[in-house]
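Notes follow the structure.
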Amino acid sequence: MAEQGKPSLLSLRGLTRRFGGLTAVDGIDLDLAKGDLVSIIGPNGAGKTTLFNLVTGLDRPDAGEVRLDGQVVTGHSPEKMAASGLARTFQLGRVFGNLSVMENVLIGAHTRLRAVRPATPLIGPLLELGLALWRPASVKAEEEQLREEVRGILARFGERLLPRIDQPAYSLSYANRRRVEIARALALKPRLLLLDEPTAGMNPHETANFTAFVRKVRDDKGLTVLLIEHDMKVVMGVSERCTVLEYGEKIAEGTPAEVQADERVIEAYLGKGATG
């Protein structure tokens, strides 16, 4: 549950997803208040990424409800969820290999465009294309402002990305491609950031840097962060609260220390008898 007395930014009630006879997510309740930093952990196949897909609109639940800032957003498209201030990364990194680092991150700001996106439902896409080709002064000014913002975001990663700002993403290391994906999510200026195994492929030093990075971004930007992570050092180092899934069910919830000592959690990871 969100901290008592704090209104929930994200609220899940009875969220359920079935694939044939398999229940991948089974009646999950979860609350995040503004500024929370929460991890979702569990063995492979526990339903963690499926839960992310349901929250972000990439998949639709069979039952249950998703609320964002009190508004029902169950089944909204990913585009609508992004426009509502929700950004995510993916378990398997998704960058545009032939685009530069700058271009990849700028894509994350697309929902924030104003000068090049007329609010005209029927012919809006055609007008947007025309303005992008014609590029009047208002469009150029907005573009330059966003580019400056991107440079600021990349600077948060030290020397990892900024010196490579014009390089194609395919030329980057796997860890740096992961960083580009996180930077792209931050370019949306989200209220809620969902990170799916962001330290995958990083060495221990890079993982430690990432842990400090997430906390600083949360503190500086007032973000709410929901994190899927297998590295328990990251979970223990960054999380204020953990939710543990097994076979789609929530089996434990509490502080990292509490869930680490929970017998059901130990059994889920190590097998029955491990608690002894």
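Among 57-66, 142-151, how do they line up by average Cβ neighbours within 10 Å per residue, starting with the highest?
The most tightly packed comes first, giving 57-66, 142-151.
Which one, Leu68, Gly21, Leu106, is farthest towards the positive end of the dipole of the range 1-116 when Lys and Arg carry +1 and Asp and Glu -1 on their Cβ?
Leu106
Please find, in a Gaussian network model of the chain (springs between Cα atoms separated by less than 10 Å), the residue of Gly45, Gly75, Gly20 whose mean-square fluctuation is greatest.
Of Gly45, Gly75, Gly20, the Gaussian network model singles out Gly20 as fluctuating most.
Over the chain, what is the relative contact order in whole percent, taking alpha-carbon pairs under 8 Å and six or more residues apart?
For the chain, the relative contact order is 26 percent.
I'm spelling it out carefully: the read-out is Rg/Rh (Cα atoms, Kirkwood Rh), the candidates are (1) 0.99; (2) 0.95; (3) 1.10, and one was derived from this structure. Which label?
Evaluating Rg/Rh (Cα atoms, Kirkwood Rh) on these atoms matches (1).
For labels at Ala212 and Arg13 in the simple 7 Å Cα→Cβ model, what's the distance in nm?
About 4.3 nm, to one decimal.
If you take the charge dipole of the chain about its Cα centre, with +1 on Lys and Arg Cβ and -1 on Asp and Glu Cβ, which of Pro43, Gly93, Val150 is farthest toward its positive end?
Val150
Using only the heavy atoms of the protein chains and a 1.4 Å probe, how would Lys48, Lys221 rank by accessible area, largest first?
Of Lys48, Lys221, the descending order of accessible area is Lys221, Lys48.
Just how large is the dipole of the range 4-80 about the Cα centre, in debye to the nearest 20, putting +1 at every Lys and Arg Cβ and -1 at every Asp and Glu Cβ?
I would put it at about 40 debye.
Rounded if a/c is under 1.5, else prolate if a/b is larger than b/c, else oblate: which is the range 157-276, with a ≥ b ≥ c the root eigenvalues of its Cα gyration tensor?
Taking the square roots of the gyration eigenvalues as a ≥ b ≥ c, the range 157-276 is prolate.
Find which of Ala187, Phe210, Pro256 sits farthest along the positive direction of the dipole of the range 160-276, computed with +1 on the beta-carbon of Lys and Arg, -1 on that of Asp and Glu, about the Cα centre.
Ala187
Ignoring ligands, DNA and RNA, please state the percent of accessible area on the range 151-271 from carbon and sulfur, probe 1.4 Å.
51
Using a Förster radius of 35 Å, what is the FRET efficiency between Asp29 and Ala141 based on their Cβ-Cβ separation? Nearest 0.05, please.
Between Asp29 and Ala141 the formula returns 0.15.
Would you mind getting me the FRET efficiency between Glu103 and Lys221? Use the beta-carbon distance for r and R0 = 25 Å, nearest 0.05.
0.65
Suppose R0 equals 41 Å; then what is the FRET efficiency for Phe96 and Glu263 from their Cβ-Cβ distance, rounded to the nearest 0.05?
With a Förster radius of 41 Å, E is 0.35.
Would you list Tyr247, Tyr170 from the most to the least accessible area, probe 1.4 Å?
Highest to lowest solvent-accessible surface, that is Tyr247, Tyr170.
Measuring from centroid to centroid over Cα atoms, what is the spacing of the range 143-158 and the range 6-61 in Å?
A separation of 31 Å, based on Cα centres.
Sort Asp220, Asp231 from largest to smallest accessible area, using a 1.4 Å probe on the heavy atoms of the protein chains.
Ranked from most to least accessible, the order is Asp220, Asp231.
The values are calculated or read from the model by the stated rules, or taken from the named source; none is laboratory data. Given the structure is predicted, the values throughout are model-derived calculations rather than measurements. Neighbour counts are summed over all protein chains in view; Cβ atoms, including those assigned to glycine, are modelled from backbone coordinates with ideal geometry. What goes into the accessible areas is simple: the full protein's heavy atoms, side chains included, and nothing from ligands, DNA or RNA. Shrake-Rupley method; radii C 1.70, N 1.55, O 1.52, S 1.80 Å.
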